[in-house]
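*Asks:* This is the structure I have questions about; it appears just below.
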Amino acid sequence: VLLAEEKKLNYSLEEHRWQWDMDVVRNTTISEGVAVFMMAKLSRLPKVTFEALQVMACFGVKVDEDVLGLLSETEEFAALFTSLERAIQEGIIEKRNGNVFIFAHDTIQQSVYDFLPEDQMAELHFRIGLQLVKGLSTCEHRLSHSISFIAIDQINKAKDTDSASALSPQLKEVMTSLNLSAAELALDFADASSALSYVHNGFLFMGENSWEVAYKPCLRLHEAACLASYLNASPAGVSKYSGLIMEHARVLEDKIKASCVVIQTSASNGDTEGAINSGLDLLRQLGEVFPWNISRDDVLLAFRSEKEHIVCNETKSRILNSTMQIDVKKKWSLKLMDLIAPYLFVLRPNLLSLIAKRMVDISFQHGFVPESATGFFLHSYTLINIFDNIEEGYRWEKLALVILDRFDAHSRYPKVKFYLTIFAATWKVPFQSSIVELQSCHRELLLVGDIEFAAFSSQRYIKYCIICGKSLIDVEKECAAISMEVSKLNQMNNTLGHMCIHMMVLELIGERSRDPFALYKGPISNCEDLLAYASDNGLFAIMQITHLCRLVLGFFFERYTEAASMAEQFRQCHKGLHSLNYILHAFFEGLVSFQLARRSETRSKWITLGEAAIQTFRSWVTHSSWNFENKLALLEAESYFCRGKYNEAENKYEDAIKYSRIHRFVHEEAIAMELYSSFLKACGRVDEYSTLFAGAMDCYKKWGAFGLLKKKQFQTK
């Protein structure tokens, strides 16, 4: 009747029968009256059937037939399936897909579950869990993994019962082991809260003197607790569990996992230098010594020549066919170098090149591990930044993927995908495709629990959105969402530059009511504070992005002297990183320089800077015409304009507009049209100027730069 009233059960006059959609029927909410009716049925069930339902209710609304089958092999639950048949006949439960028993409604399951007092239900959980644990040795291998987790969940619900306390030492050891396995699996899926719950339950079953009598399980539980605390944004938890590990660890290698988490925690709390120092100190204890201060010349000397460190064609086969078994210390050395690499980008990019070289050397001399892939990616960074060899850097990145394929290291793919996007791919792949890659990369990094690189990837994603001309309104919303996310993950200090980028976006769209620094709990409340903080702590990458944002805003709002000053300060803290920041700096410094060349008495200085930008883009366009030819054409147009070559300038302006439109850089199409309109105005072609200027304003509107649009329209009036 209920289904008919809700039009989910219909009589067909044509076919003379009732018709329904089973999926719709199954998802129908049972009314209170129907639930009362079902409860009345429960009260009339035989005792054995009701007791069987109580067993089933311990698993929730549904349970797999294989689980009940394992239970039914025991004397206590032997009649389980027979007893449940009556419940199926009464419609209280049903069997779906051939192997899943499910309650007709969650209200029924809850009523059955609540029937027994809490202590008796806990004892039932315990008996179920214990029988499942005992049956693990006899169940099929395909089921043992999932049933072991179901079993320990049942036992954990009864952990405070007398029966659990009275377990034999051997069974307590099994319970500890199962909780440990469950915690480590939860960490694989970045479920920190569940991992901590399993860890705490594992500790309960260990008892006293666990470090002495069960050293390895105790160590692994504390390592899991330490990592789960970090993922849960709990520095206090990290300090607590890492401290216990340092106190009880018997050898250096047993301290390293916890030390790695401590290093990550230091970085996320803003102590990047401390994180690097701790990493280098651990490496020193493992026999790998690196200098703290190193110059670009030191890097060149260490490599002697570029050719010496470019691998020959047989390297791929060497990677795939290497049979060397790397020793424990070298393996941990590679893991530590992999860990501190992102911090070196911020503070010590030259040292990063030496770290990369050593990772490659260890891999070839002692054997490959999944972390070797990071060494190859970092070596590609050296080839691009030190030797300006983009093609060879791109080839090394491909070799890094060979390493991952050899080890089938799926959990490392998101991190490697991130490296692949930010190094050589920047110079080879259309920027728009990198947006898609970074979105995917960010999701995958969160899934594998790499919250640090997830934060890095989100900041990089926003930069690509800006350089591609994505709608600034959408970008601002994403900036706000990312700020919320990294705040919850306690990664604000690893993404300080994001706040400055967000501020730039807000100024371009004309939104002044939002504060991108509001979520930050440290001593920074604006871009000036951020710049001072970065300068005091030697955070060159943060200084760089702050200067870059001011350079970009200075150009757009025609504050050219300020923009030129920011461009110079960017160069002073550039440190040779060929990155997205470097591309934006070269482009906007070139445009600003040509503007000042037409307005300043020191014309030659600005012409020289502008021509240097042109030469830079001429080298880059050979690697990716898609990303760079519109920018090169616009810089060349401005150069010709400054030098009085008007025919050549006009052709290049038109090329810049055309390439920007074809390659979907709407903001750069706007810039090209606006600068072309200024050229036409200077040539006295006022009507054409008005048309081009209006076109530029339309493009700025498409971009969402309403703050900029309002300013330019006001200036025009």
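The values are calculated or read from the model by the stated rules, or taken from the named source; none is laboratory data. These figures come from a predicted structure and were not determined experimentally. Virtual Cβ from ideal backbone geometry, glycine too; neighbours counted across all protein chains shown. Accessible surface is based on the protein model in full, side chains and every heavy atom, while ligands, DNA and RNA are left aside. Shrake-Rupley method; radii C 1.70, N 1.55, O 1.52, S 1.80 Å.
*Asks:* Taking the Cβ of residue 120 as the center, what net charge do the other residues with Cβ under 13 Å away carry, scoring Lys and Arg +1 and Asp and Glu -1? Please report the intermediate quantities before stating the final value.
*Replies:* Numbers: positive: 127, 157; negative: 51, 114, 118, 119, 123, 162.
Net charge in that neighbourhood comes out at -4.
*Asks:* Quick check: Cα centre of the range 378-442 to Cα centre of the range 38-90, how many Å?
*Replies:* 55
*Asks:* Here's another thing I want to ask about it. For the range 592-642, state which GluC sites (Glu not before Pro) are in a DSSP loop and have at most 13 other beta carbons lying within 10 Å of their beta carbon.
*Replies:* 601
*Asks:* Using the Cα centre of the chain as the reference point, and only Cβ charges (+1 on K/R, -1 on D/E), how large is the resulting charge dipole? Debye, rounded to the nearest 20. List each step's numbers first, then the result.
*Replies:* Values: 76 positive and 88 negative charges, 443 e Å.
So the magnitude is around 2120 debye.
*Asks:* Compare the Cα positions of 407, 459, 503 along the charge dipole of the range 387-512 (+1 at Cβ of Lys, Arg; -1 at Cβ of Asp, Glu; about the Cα centre) and return the one farthest towards the positive end.
*Replies:* The residue sitting farthest along the positive end of the dipole is 407.
*Asks:* A follow-up question, please. Which value, in nm² and rounded to one decimal, describes the direction-averaged projected area of the C-alpha convex hull of the range 651-701? Can you show the working numbers first?
*Replies:* On the way: hull surface 11.9 nm².
Result: a mean projected hull area of 3.0 nm².
*Asks:* Let me ask another. Keeping the other protein chains in place, figure out the carbon and sulfur percent of the accessible area of the chain, with a 1.4 Å probe.
*Replies:* 52
*Asks:* So how far, in whole Å, is the C-alpha centre of the range 477-556 from the one of the range 176-232?
*Replies:* 37
*Asks:* Can you give me the pair-distance distribution of the chain, C-alpha pairs, 20 Å bins, whole percents?
*Replies:* Going from the shortest bin to the longest, the percentages are 15, 37, 29, 17, 3, 0.
*Asks:* Working out 0.36 nm times the residue gap between residue 411 and residue 250, then minus their Cα-Cα distance, what length gain in nm do you get to one decimal?
*Replies:* Full-extension gain reported as 55.0 nm.
*Asks:* Quick check on the range 182-247: take the gyration tensor over C-alpha atoms, sort the square-rooted eigenvalues as a ≥ b ≥ c, and tell me if it's rounded (a/c under 1.5), prolate or oblate.
*Replies:* Values: a/c = 2.14, a/b = 1.36, b/c = 1.57.
Cα axes put the range 182-247 in the oblate bin.
*Asks:* Measure up 631/701; 159/488; 398/470; 357/415; 470/605 against 23 Å on the Cα-Cα distance and list the ones that go over.
*Replies:* As for pairs spanning more than 23 Å Cα to Cα, those are 159/488; 398/470; 470/605.
*Asks:* With the convex hull built on the Cα atoms of the range 77-128, state its orientation-averaged projected area in nm². It would help to have the intermediate numbers written out before the result.
*Replies:* Details: hull surface 16.9 nm².
Directional mean of the projected Cα hull area for the range 77-128 stands at 4.2 nm².
*Asks:* Per residue of the range 444-452, in order, report the coupling 6.51 cos²θ - 1.76 cosθ + 1.60 (Karplus, θ = phi - 60°) as ³J(HN,Hα) in whole Hz, putting x for Gly and Pro.
*Replies:* Per-residue couplings from phi come out as 5, 5, 5, 5, 8, x, 8, 5, 5 Hz.
*Asks:* Follow-up. What ranking of 678, 434 comes out by heavy-atom accessible area, probe 1.4 Å, highest first?
*Replies:* 678, 434
*Asks:* Pick out, in residue order, every one of the trypsin sites (Lys or Arg not before Pro) in the range 582-687 that is DSSP loop and has at most 16 other C-beta atoms within 10 Å; say none if there are none. Please report the intermediate quantities before stating the final value.
*Replies:* On the way: sites: 598, 599, 603, 605, 618, 631, 643, 645, 652, 658, 661, 664, 681, 685; in loops: 598, 599, 643, 645, 664, 685.
Here the trypsin sites (Lys or Arg not before Pro) that fit, given the DSSP loop and packing criteria, are 598, 599, 643, 645, 664, 685.
*Asks:* Taking R0 as 35 Å, what FRET efficiency do you get between residue 433 and residue 615 from their Cβ-Cβ distance, rounded to the nearest 0.05?
*Replies:* For residue 433 and residue 615, the calculated efficiency is 0.85.
*Asks:* Taking just the C-alpha trace of the range 390-534, give me its Rg and Dmax in Å.
*Replies:* Cα radius of gyration and Dmax of the range 390-534 are 16.4, 52 Å respectively.
*Asks:* So, one more: With a 10 Å radius around each residue's Cβ, average the other Cβ atoms per peptide and rank 274-284, 147-157, highest first. Please list the in-between numbers first.
*Replies:* Values: 274-284: 18.9, 147-157: 21.8.
Final packing ranking: 147-157, 274-284.
*Asks:* Of all trypsin sites (Lys or Arg not before Pro) in the range 509-551, which ones are in loop regions per DSSP and have a Cβ with at most 11 other Cβ atoms within 10 Å?
*Replies:* Passing both the DSSP loop test and the Cβ count: 512, 521.
*Asks:* Further, regarding this structure: Rounded to the nearest 500, what is the 222 nm mean residue ellipticity of the chain from helices alone, with -39500 (n - 2.57) per DSSP H run of 4+ residues and division by all residues?
*Replies:* Numbers: 39 runs with 520 residues, N = 717.
-23000 deg cm²/dmol, from helical runs alone.
*Asks:* Still on this structure, please answer the following. What whole-number value in Å² describes the accessible area per residue of the range 128-262 for a 1.4 Å probe?
*Replies:* On a per-residue basis, 46 Å².
*Asks:* Net charge near residue 197, counting Lys/Arg +1 and Asp/Glu -1 over other residues with Cβ under 12 Å of its Cβ?
*Replies:* 0
*Asks:* Right, next: Once the Cβ-Cβ distance between residue 78 and residue 136 is put in as r, and R0 is 25 Å, what FRET efficiency do you end up with, to the nearest 0.05?
*Replies:* So the FRET efficiency works out to roughly 0.85.
*Asks:* How many Å² of accessible area per residue for the range 541-671, probe 1.4 Å?
*Replies:* Per-residue value: 37 Å².
*Asks:* Starting with the highest mean, order 402-413, 495-506 by the number of other Cβ atoms within 10 Å, averaged over the residues of each peptide.
*Replies:* The densest-packed peptide leads the list: 495-506, 402-413.
*Asks:* Evaluated at 25 °C with a viscosity of 0.890 mPa s, what Stokes-Einstein diffusion coefficient in µm²/s does the range 316-363 have when Rh comes from the Kirkwood expression over alpha-carbon pairs?
*Replies:* Estimated via Stokes-Einstein, D reaches 207 µm²/s.
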